[in-house]
Amino acid sequence: MEHYRLYDQVEKIKALYTHRRDLIIDSMEKMMPEGAERTHPEGGLFLWLTFPQGTSAAQIFLKCLEKNVAGVTGDAFFPNGKTDRNMRINYSNMPDDKIVEGIRRMAEAIKESI
């Protein structure tokens, strides 16, 4: 591990994920409709969206698919209490332009649903 400078690579990846997290948050702040709230993760590869009461993440998910963008509905992550107001969004694996375009499409789907 020392020979391949693993720690240097980890620092590069951390900087990349921090950049992508900041980009998705900035894009969401500019494009998401009022009522769609998001987390600000300190680490990891995902953030969470929460929609207003009475808004179905499953319906938003279907609208997103129509626009070729997707997140994962939150009910898969709440084994002891179903919720239909959350989506988990990955920001780790797309380049900047696709992150911005994906959020534009997702915001459009959400606006049509809430």
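Brief remarks follow.
- Using θ = phi - 60° in the Karplus curve 6.51 cos²θ - 1.76 cosθ + 1.60, the 3J(HN,Hα) couplings for the range 75-86 round to 4, 5, 10, 10, x, 9, x, 5, 10, 10, 10, 10 Hz; x is entered for Gly and Pro.
- Spacing of the modelled spin labels on K12 and H40, each 7 Å from Cα toward Cβ, amounts to 3.0 nm.
- Computed magnitude of the charge dipole of the chain (debye, nearest 20; Cβ of K, R +1, Cβ of D, E -1): 200
- Angle between the chain longest axis and helix 57-66 axis [Cα atoms, degrees, rounded to 10]: 70
- Based on Cα contacts under 8 Å between residues 6+ apart, the chain shows a relative contact order of 33 percent.
- The Cα trace of the chain gives Rg and Dmax of 15.6, 55 Å, the first to one decimal, the second as a whole number.
- With a cut-off of 13 Å between beta carbons, the residues surrounding E37 carry a summed charge of 0, where Lys and Arg count +1 and Asp and Glu -1.
- Computed from Cα atoms, the angle from the helix 96-113 axis to the main principal axis of the chain rounds to 20 degrees.
- Each stretch of four or more DSSP H residues adds -39500 (n - 2.57); spread over every residue of the chain, this sum gives -16000 deg cm²/dmol at 222 nm.
- Order by protection proxy (mean Cβ within 10 Å, highest first), peptides 39-48, 5-14: 39-48, 5-14
- Cα long-axis angle, helix 6-31 against the chain (0 to 90 degrees, to the nearest 10): 30
Only the coordinates and a few stated rules stand behind these numbers; no lab work does. Not measured: the values here are computed from a predicted model. For neighbour counting, all protein chains shown are included, and Cβ atoms are generated from backbone atoms with ideal geometry for every residue, glycine included.
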